[in-house]
Amino acid sequence: MTAIATRETARLASNRGKVWPTVILMIGAIYCLIPVLWVFTATSKSPSELFTTFSFLPGSGLLDNLSDLFAYGGGQYGLWAANSILYAGVGGVLSTFVSTMAGYGLAKYEFKGRNLIFYSILGGVLIPGITLAIPQYLLLSQAGLAGGVMSVLLPLIISPFGIYLSRVYASAAVPQDTIEAARLDGASEWRIFLRIGLPMMLPGMVTVFMLQFVGIWNNFLLPFIMLSDQNSYPLTVGLYTLLSKGSGTPALYSVAITGAAVSIIPLIALMLFLQRFWRLDLLSGAVKG
Amino acid sequence: MTLTPAPPAAVVAQTRTAPPRKRQRSRTRFAPYLFVGPAVVLFVLFMLVPIIYAAYLSFTAYKIQGGGILGTKTLVFAGFDNYVSVLTDPALGSGFWHLALYSAIAVPLTLGLALLFALLLDTPGVRATRFGQTAIFIPYAVPGVIAALLWGFMYLPSTSPFSYITKALGWGPIPFLESSGIFGSIGNIAVWGGVGFNMIIIYTSLRSIPAEIYEAARIDGANERQIALRVKIPLVVPALLLTGIFSVIGALQLYSEPTTLKPMTDIISQTWVPLMTIYRNAFLTDDLPGAAALSVLLAVGTVALSGLVLWISNRRAKGAQS
C-alpha cells in the first residue's frame, strides 16, 4: 500500500513538470477551435443580434438563418454543396487512381525515362497554381471546355504530390518477390497490379484520396477563373461571391456566416472519421523502401 | 491472360532461366509505360503545355490591325516588352513587399508552432494529447476562403468578439483590418490553417525515431527539454525542410485570404499581392501577355527560391558530416 502510494507521489512529482507543456498544448487547441466555436454561435444569431450581443453567446435566429441560407438565390447553396462534393469526390477518385498506377509503375519497374518522368512530374509541385490556371483557362476555352465541369475536374487529376506518395508507398508496401511469384504463376502485369498491388497499397491510397479531396474541396482559384455560371460554383467560390455582395447589405452577413458553418461540418466529420486511416508519415519519409 | 494458360509448375522449375524469362522481359518492357501513361498524358496536357503556352504568351503583344470595328487583334512578337512593363509597374514592387512582410510573419510562426506542438505531443507525461492533436488539425479541413471569412468577421469591428471586449473597456476596436494590423491578421489566418498539417508531418517524423536514443540520453541525465532541443530537433530536420519548402511555396501563392477580406476593408487593393495583380491583368484589364509574363516570373522565382533552400540545407548537411 505504502509502496504504491510512494510510487504514485513519485509519478505525480515527475509529472508536475508536465503541467506547462499540457497548458501550452491546450492554448493551441483553443486557438484552433475559437473560430469554429464563433461561427457556430454566430449562426444561431439573428442579423440584429449579430451586431449587438457578445459573440460567444448563442442567439435565437438559427432556424431563420438556415431557411434563409437554403432559400438564397433559389436554393443555390444546395447546388454549390453538391458541386463541391462532385468535384472533390470524382476528382479525388480519378486522381488517386492515376497517382496509384503511376506510383506503382515508377516504383516496381526499371524502364527507360523513369527518372525523367518522375522528376518532371515532381517539379510540377513548384509551379504556382496561377501560372498554370491562366493558360489552362485559355487552352480549355479554345477546346470549348471552359465553364463546364470538365474545366475544374481535368486539371486537378494530375497530382505530383499524390504520385510521389504513391511511389514511396508502393516501394515500401508491395514486395518485389510477391510480384515475381505471381509472374511465374502466369498472371498478367495488369492483373498483378489489380489483385496484388492495389490491395497492398490501400492505406496509401486512402491518404492520397483524402489529400486530394481536401485539396480540391478547398480550391478557390481554379473554379473562380474557370466558371462563370453561378449554379456550377463550388462552395468556396459561391460563399465568396455571397460575401462580396454582402459588403453592401449586412443582412447577407448572416447568410454568409451560416453558409460557412454548414460547409465545414461535413469536412470536419469526414476528417475525424478518416483520421485513423491516414498515413501521413509517408510525407515525412518515415516509410523507406 | 486467359489465352495463355500458366505453364505447369514442373516446366517452370526446369526452364526457369531460359524461355519464360525472355517472355517476361518483353512483357515488362511495355507494362510500366501503360501504368505511368495516364499520368504522363495529363502532365503534358495540363502542366507542360500550359507552361510553354504561358512562356510563349509572355513574349507577345496584341496588335490591332486595320481600324474601327473592322480592326482585328492579332498576337505579334514583342520581345521582353512585357517583362519590362511588368517589372517597372510600381504595383509589383508593393505587391512583393506585402508578400515579404506576410511571409516573414506566417512562415516562421507556422513552422515554429508546428514544431512546438509536435514536440509537446511527443513528450511523455503530457495530458490530453489526442484532443490537442485533433483540435489543432481541424483547421486543415477549413478552406482558405472560409477561414478568411471566419476570421474576417472576427476582425470586423462590428462583429469582432475581441473588439467587443476592448470596446467595453473603453479602448475602441482593435485595428485588425487597418494598415497597422493587416499583415498580422492575414498571417494569423495562414498560421491557423497551416499549423495542424505541419505539426502532423513533424510529429510522425518524431515518432519514427527509435526510443533507445531517448533512453540513452535519459540515462546520461538529460531532461525532456534538453532531449527535445539536442536530440529530437536535429533528427527531424528533413521533415522541417519539407514543411519549410512547402510553406514558402504556399506563402508566395497568397491569394484567397486577401481576396476574401477585400470586401471588408479598403486597405487591400486590386494589386495587393502579385497573384491578385496577375488576376487583374488577365481578367479585368485584358492584358493576358502581361499576366503571362508575371506568372512566368513568379514560377521562376519559386523554383529558384526552393532550389536555394535545398542547396543551402545540402551544404549544411555535408558540413555537419565532415
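Every number here is computed from the coordinates shown, using simple stated rules; none is lab data. Computed from a predicted model, the values in this text were never measured in an experiment. Quick reminder, even Gly has a Cβ in these numbers, built from the backbone with ideal geometry, and neighbours come from all protein chains shown.
Residues whose amide H comes within less than 5 Å of that of B:T60, counting only those at least five positions distant or on another chain, are B:A78 (H built at 1.01 Å from N in the peptide plane).
Sequence-ordered 3J(HN,Hα) estimates for the stretch B:89-96 from the Karplus curve with 6.51, -1.76 and 1.60 and θ = phi - 60° stand at 6, x, 4, 5, x, 5, x, 5 Hz, glycine and proline given as x. Under a Gaussian network description of chain A, with springs only between Cα atoms under 10 Å, the residue in A:W20, A:W80, A:W190 that fluctuates furthest is A:W20. Residue by residue, the stretch A:42-48 carries 3J(HN,Hα) couplings of 5, 5, 7, 9, 6, x, 6 Hz when phi is fed to the Karplus relation 6.51 cos²θ - 1.76 cosθ + 1.60 (θ = phi - 60°); x denotes Gly or Pro.
Note on B:L87 and A:S60: the model spin-label points, each 7 Å out from Cα along the C-beta direction, lie 6.5 nm apart. Between A:S141 and A:K112, residue separation times 0.36 nm minus the direct Cα-Cα distance comes to 6.9 nm.
Which of the residue pairs A:K45/B:K167; A:K245/B:K63; A:K108/B:K232; A:K18/B:K232; B:K167/B:K262 have a Cα-Cα distance greater than 28 Å in the structure shown? Where the Cα-Cα span goes over 28 Å, the pairs concerned are A:K245/B:K63; A:K108/B:K232. Considering only B:A282, B:A39, B:A54, the mean-square fluctuation computed in a Gaussian network model of chain B, springs between alpha carbons under 10 angstrom, is largest for B:A39.
Helical content alone sets the calculated 222 nm signal of chain B at -21000 deg cm²/dmol, taking -39,500 (n - 2.57) per DSSP H segment of four or more residues and averaging over every residue.
Taken along the Cα-to-beta-carbon direction at a fixed 7 Å, the label points for A:D185 and B:F131 span 5.0 nm. If you take all other residues with their beta carbon under 15 Å from the beta carbon of B:N281, and give Lys and Arg +1 and Asp and Glu -1, the sum is -3.
Computed from the Cβ-Cβ distance with R0 of 41 Å, the FRET efficiency linking A:M200 to B:T74 stands at 0.15. When you count the other C-beta atoms within 10 angstrom of each residue and take the mean per peptide, A:149-159, A:113-123 line up highest first as A:149-159, A:113-123. Using a Gaussian network model of chain A in which every pair of alpha carbons under 10 angstrom is joined by a spring, one finds that among A:G162, A:G124, A:G91 the greatest mean-square fluctuation is at A:G124. Computed 3J(HN,Hα) for the stretch B:207-220, one whole-Hz value per residue from the Karplus formula 6.51 cos²θ - 1.76 cosθ + 1.60 where θ = phi - 60°, is 6, 7, 7, x, 5, 4, 4, 5, 4, 4, 5, 5, 4, 6, glycine and proline marked x. Fully extending the segment from B:A216 to B:L284, taken as 0.36 nm per residue of separation minus the present Cα-Cα distance, adds 18.2 nm.
Cα convex hull, the protein assembly as shown: 246 Å³ per residue, rounded to a whole number.
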